[in-house]
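Step one of this worksheet: look at the structure below.
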Amino acid sequence: MKTNLEYFFKNRKYLFEKVCYKGYQCVDNFHMIIINIQTGVTSFLDDVSALCFQTLAEGDKKDLLEFMLKYVITEQELLEFVAELEDTGIIGKRRVLEKEKEEYNLDSDPESILDFENILFENGYLYSIHIDLTDACNLKCVHCYYPFEKCHENEISLEEIKNFINKFKELGGFVVTLSGGEPLLRNDFWDIVKYISDQGMVISIFSNGTLFDEDDIIKIQFYNIQKIGVSLYAIDESIHDKITGIKGSCKQTKSTLEKLKHLPLEIEVKCVLMKVNFEQYKTLNEYCKKNGFSLTLDTSMTPKLNGGKQPLQYSLNYQQMLKFAMDKSFNHFEDNILLNSKNFPCMAGRASLYCSHLGKVFPCVSLRIELGDMKNIIAIWKNSNKLKLWQNVILEQFSDCGKYTYCDYCNHICAGINLLENGDYLKCHSSQCLNAQAREEAYKRLQLLHFYK
């Protein structure tokens, strides 16, 4: 970085391209989150550093000089700050390696997104929203929680989504997840993406990956798309296609992933582990490592949204759960953070809300506590008694938690799946308890193996 402000202003468009940020005035301080989509860096700034960043991004030379005068900052100090922002990938286009990211605590507090979300919640802000754009899908996955008997034709319109996004922005909204069904089945999908991107928000897309064409791949690069999550259930095409019910779907999905991997954004492979694809998890992991994708393996099975229990027949059995828990590549018991009975089960309804394709608002996609219509999102967030009741639920209120020795090995509780499976979000669902039992047994066996080495 050359040591003059003229050079900075000539290059500012380049430095701040695809850099999304939002500042929040909180009781204790001014907090800011910055996401550089091109470099893959998420960072946090507070107080003067955050205000300085905002002025650098939005102000003219006069604004910047007034800021420097107010906070007694020299031009050299300012330019050193800009250079550090660029060197660490907070601005600019240098793609940063994972091993470098621990160096990014550039005057940043809080140090994690969870801390940040908690601060925003305590100050009345809504950080993220998940929107299902449709319940239509071109696949028929055997374990899917959508009923599929009939897709709704009265799904939310583009104008309704725009109005919803405007109100979400008023509440402090910054991150939007778009899903379905299969979201690319909507003819106005890219109009929705463009509108959200134009609001300066960050977008994640969840898809089955079968419908992306060359034009879609090009469009991705024009918007604030931070992550695309793609469902892939096996590397073996016959196994994946058996799950999706559509022959050739695996080949289509892998073809899309091959195109996406060259783009500067996070690609997440999402896989629900079932009896039929369980043995594929290692090859999936190898595939993802080779291609630079992140991998999320889910051992929980979600019942259908209409109460149907059909998906539960595909749940992993105990022996499969145990084998997975014994695999130290995926279960790092020594790094476990035990669930605290005084903590909240998750950030659903606190950092985020969910909007269905019919315009109904819930704490999350699986926690079907209906809070109201999307047009009333501001009133829901600020005044809903149903939402406030859920926001105050803590783990010790769950009926089975802490009663058994294996509870110490439970690493996650999903109230939404509890509700769908048991009709009571405080009663733990079967696959999670089975997972905890398997983890307890695996821990004992691994300790014995270590003892006898």
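The values are calculated or read from the model by the stated rules, or taken from the named source; none is laboratory data. All values derive from a computational prediction rather than experimental measurement. Don't worry about glycine lacking a Cβ; one is built from the backbone with ideal geometry, like all the others, and counts go over all protein chains shown. For accessibility, only protein heavy atoms count, side chains too; no ligands or nucleic acids. Shrake-Rupley method; radii C 1.70, N 1.55, O 1.52, S 1.80 Å.
Between SER157 and ASN29, the distance separating the two model label sites (each 7 Å from Cα on the Cα→Cβ line) works out to 4.5 nm.
Only bridges whose two residues both fall in the chain count here: according to DSSP, what percent of them are antiparallel, nearest 5? Please list the in-between numbers first.
Values: 17 of 46 bridges.
Looking only at bridges with both residues in the chain, the antiparallel portion is about 35 percent.
Using a simple spin-label model with points 7 Å from Cα along the Cα→Cβ vector, what separation in nm is obtained for ILE218 and ASN317? If labels sit at ILE218 and ASN317, their model points lie 5.2 nm apart. Simple spin-label estimate for ASP373 and ASP115 gives 4.2 nm between the two label positions (7 Å along the Cα-to-Cβ direction from each Cα).
Taking amide H atoms as placed 1.01 Å from N in the peptide plane, the amide H of GLY372 lies under 5 Å from those of VAL361, each 5 or more residues away in sequence or on another chain.
Using 0.36 nm per residue and subtracting the Cα-Cα separation, the extra length available between TYR7 and ASP60 on full extension is 17.8 nm. In terms of overall dimensions, the range 203-273 has a Cα radius of gyration and Dmax of 12.1, 35 angstrom.
With each run of n ≥ 4 DSSP H residues scored as -39500 (n - 2.57), what mean residue ellipticity at 222 nm is computed for the chain after dividing by its residue count and rounding to the nearest 500 deg cm²/dmol? Helix contribution divided over all residues of the chain: -11500 deg cm²/dmol. Placing unit charges on the Cβ atoms of the charged side chains and taking the dipole of the range 317-453 about its Cα centre, the candidate lying farthest along the positive direction among TYR443, ASN385, SER430 is ASN385.
With every protein chain left in place, what is the accessible area per residue of the range 342-392 in square angstrom, probe 1.4 Å? Don't skip to the end; give the middle numbers.
Numbers: 2110 Å² over 51 residues.
Each residue of the range 342-392 exposes 41 Å² on average to a 1.4 Å probe.
Across all directions, the average projected area of the convex hull around the alpha carbons of the range 143-246 is 7.9 nm². For LYS290 and VAL393, the difference between the fully extended length at 0.36 nm per residue and the C-alpha to C-alpha distance is 32.9 nm.
Multiplying each eigenvalue of the alpha-carbon gyration tensor of the range 292-385 by 5 and taking the square root yields semi-axes of 32, 19, 13 Å, largest first, rounded to whole angstroms. The equivalent ellipsoid that matches the C-alpha gyration tensor of the range 1-73 spans semi-axes of 20, 19, 9 angstrom, in descending order. By the compact-protein rule of thumb, 2.2 N^0.38 Å, the alpha-carbon radius of gyration of the chain corresponds to a ratio of 1.03.
A straight Cα-to-Cα reach below 19 Å connects LYS386 with the aspartates and glutamates GLU122, GLU370, ASP373, ASP424, residues fewer than 8 places away in its own chain not being considered. State the percentage of accessible surface on the chain attributable to carbon and sulfur atoms; use a 1.4 Å probe and exclude ligands, DNA and RNA. Heavy-atom surface of the chain belonging to carbon and sulfur, 1.4 Å probe: 50 percent.
So if we plug the beta-carbon distance of GLN447 and ASN306 into 1/(1 + (r/R0)^6) with R0 = 45 Å, what FRET efficiency do we get, rounded to 0.05? Step by step, r from the Cβ atoms, then E = 0.55. Seen from every direction in turn and averaged, the convex hull around the alpha carbons of the range 228-332 projects onto 7.4 nm². Run the paramagnetic zone check for CYS433: 7 angstrom along Cα to Cβ, then residues of the range 385-400 with backbone nitrogen under 15 Å. Answer for the range 385-400: 398-400.
Based on Cβ point charges of +1 for Lys and Arg and -1 for Asp and Glu, what charge dipole magnitude is obtained for the chain about its Cα centre, in debye rounded to the nearest 20? Working shown, then result.
Details: 52 positive and 62 negative charges, 266 e Å.
About 1280 debye.
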